[in-house]
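Reading through the structure tokens given below for one structure.
Computed from the coordinates by the stated procedures, all read-outs in this text should not be read as laboratory data. All values derive from a computational prediction rather than experimental measurement. With ideal geometry, Cβ positions are generated from the backbone for all residues, glycine too; neighbour counts draw on all protein chains shown.
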Amino acid sequence: MELTPDAIVIFSIWGIPINATIFNTWIVMAVLTGLSALITRNLRPSAPPNRWRTTLEVIVQGIQHQIEEITRRPPGSLVHFVSTLFLFIATCNLLEVVPGFDAPTASLSTTTALALSVLIAVPMFGISRRGLRGYLKTYLKPSPIMLPFNIIGEISRGVSLAIRLYGNIMSGAVIAVILLSVAPFFFPVLMDLLGLLTGLIQAYIFAILATVYISAAIADSGETQNEKEQT
Amino acid sequence: MSIDWLTVAAQIANFLVLLWLLKRFLYRPILDGIDAREQEISDRMSEAHRLMEDARATISAYEAKLSELENSQARMAEDLRREAVRERDALIAEARHRIDRERSDFESHLMVEKERFIRQLSETGARVLVHLTRKVLSDLANETLEERIAAQAVKRLEPMADEIRRLVRDDRPVTITTHAALTDDLKRKIADDLQKLAPDVQCIFDVDPNQSIGLVLRAGATSIEWTLESYLSELEAMMIENLRQAQAGKTVQ
């Protein structure tokens, strides 16, 4: 039994093996992009609002308000990053119920990649907000002695993000496989239903935690300590 | 559990590509739509606010015009009221003046009528009085009265001497007519007195029962009367003349 889709090689391009994680990720990307293009193809600013447009606007504005509540400032481009994280993870987890589809998020490589993306995004948003010098100063607060601990804290955040998402998704898949062998038919269906719920919750948690980390980086000095204490 | 770093790099690339794709096909159209909607709402609110301000300004202008109109109307009403009062006072004054004038005319006319009535009444009274006197005297008259009148006429012959002489000139006979026959003594005395005034006069005594009591001297077409009728006619003329003179004096006063 393969615990990670990384081990499943679908095909190779110029000698580079394309495993199930990457392939399924492309599928997810295609689905998301296709659906987005389908939904927004007639979505012009001059067109009168319809039911679809209003629903999408409500969802996007809900995400914006959620981010605003956390960061206490206009979300700007942060909404693109966080929404993409949420949609990608949620779509991956929801497609897990499709037979034969291995969720990319069940791969530690994918969750590591997402965690690394968050780890890279945090200083990028922090620097864009405070400048390089101002951002680096945050590692010396409240005193320079805390520099190693702040660095460890930053790294541990990414690690915890990656392990949490990977553990939840992979454990759901593993449990489904085990139950399928023990009691085929009933329990796997039940676990798949629970998997849908936990998948959405994990996507929400990952996106919220990424927002919190980034907001801590872009927050003012007085707010920074509070944000870190909250995490 | 292992990490395939090649897969990690690929997934990071995939994520970035997905980020761009979703931004291109999902976020931008929706956010642009929201921004356009917000801008449209903002524009409409601004337009509504501007229209509201215009409406308020228009309302204020109309209220000012209405107030001015009401003031003008009040002024016009006041002017009209004053004009009406002035016109009414003028009409009342004119009416009073006309009433006073008509009253004065009426009073004058009334006074004239009153005076005319009094005069007529007085004259009528005088005539009635004379008529009654004539009737009483006629009823009470007898030979004695006629003789007394004749005797009185004899006494008055001398003052009328010139008149009698003109009457008896050309030796015309004088006819002396009475209502009843005179006594001989009285006839002789009358004849003597006439002959004293006109020595050659011839006296003829006559009796006319239709004549009023008294004495009438006739010579030709000329005559001199001392009858009761002549006395009363003279009395009536005198009374009416006196009444008219009295009335004229009262009017002058």
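Its Cα centre serving as origin, region B:118-249 has a Cβ charge dipole (Lys and Arg +1, Asp and Glu -1) of approximately 340 debye.
For the peptides B:213-219, B:65-71, A:105-111, the ranking by mean Cβ contacts within 10 Å, running from highest to lowest, is A:105-111, B:213-219, B:65-71. Expressed as a fraction of 2.2 N^0.38 Å, the value expected for a compact globular protein of N residues, the C-alpha radius of gyration of the protein assembly as shown is 3.36. Using a simple spin-label model with pseudo-atoms 7 Å out from Cα toward Cβ, B:His97 and A:Leu197 lie 11.2 nm apart. Treating r as the C-beta distance of A:Ile175 and B:Val17 and R0 as 25 Å, the FRET efficiency rounds to 0.20. The count of lysine pairs in region B:108-215 with alpha-carbon distances below 21 Å, taking only pairs 8 or more places apart or on different chains, stands at 4.
Taking a cut-off of 16 Å, what percent of all Cα-Cα pairs in region B:1-69 are separated by more than that? Result: 71 percent of Cα pairs exceed 16 Å.
Estimated from the Cβ-Cβ distance and a Förster radius of 41 angstrom, the FRET efficiency linking B:Glu40 and A:Phe149 is about 0.20. The share of alpha-carbon pairs in chain A lying farther apart than 21 Å comes to 62%. The calculated FRET efficiency for the pair A:Lys137 and A:Val159, based on their C-beta separation and a Förster distance of 25 Å, comes to about 0.55. Legend: ranking of residues B:Asp4, B:Asp43 from fewest to most surrounding C-beta atoms inside 10 Å; resulting order B:Asp43, B:Asp4.
For helix A:221-230, what angle does its Cα long axis make with the longest principal axis of chain A, in degrees from 0 to 90 and rounded to 10? For helix A:221-230, the angle is close to 40 degrees.
When chain B is treated as a GNM, springs tying every alpha-carbon pair under 10 Å, which of B:Arg24, B:Arg56, B:Arg82 comes out with the largest mean-square fluctuation? Fluctuation is largest for B:Arg24. Legend: ranking of residues A:Phe149, A:Phe206 from fewest to most surrounding C-beta atoms inside 10 Å; resulting order A:Phe149, A:Phe206. Per-residue ellipticity at 222 nm from helix content only, as computed over chain A with -39500 (n - 2.57) for each DSSP H run of at least four residues, stands at -25000 deg cm²/dmol. Expressed to the nearest 5 percent, the antiparallel share of DSSP beta bridges inside the protein assembly as shown is 75 percent.
Peptide A:116-125 has a mean shielding of 1, counted as Cβ atoms of other protein chains within 10 Å of each residue's Cβ. Specify the residue with the greatest mean-square fluctuation among B:Met45, B:Met160, B:Met111, computed from a Gaussian network of chain B linking alpha-carbon atoms under 10 Å apart. Residue with maximal mean-square fluctuation among B:Met45, B:Met160, B:Met111: B:Met45. Residues in region B:136-168, backbone N under 17 Å from the label point at B:Asp185 (7 Å along the Cα-to-beta-carbon vector): list them, ranges by number please. Under cut-off, by backbone N: B:143-155. Stokes-Einstein, applied to the Kirkwood radius of region B:70-226 over Cα pairs at a viscosity of 1.567 mPa s and 4 °C, places its translational diffusion at 60 µm² s⁻¹.
For the pair B:Asp139 and B:Ser104, the difference between a 0.36 nm per residue extended length and the Cα-Cα distance amounts to 7.6 nm.
Averaged over the residues of peptide B:30-36, the number of Cβ atoms from other protein chains lying within 10 Å of each residue's Cβ is 6. I want to verify a result. In a Gaussian network model of chain A, Cα cutoff 10 Å, which of these has the top mean-square fluctuation: A:Thr33, A:Thr211, A:Thr71? The residue with the greatest mean-square fluctuation here is A:Thr33. DSSP assigns beta bridges within chain B; of those with both partners inside it, close to 65 percent run antiparallel. Taking the DSSP beta bridges with both ends in region B:141-252, the antiparallel portion is around 65 percent.
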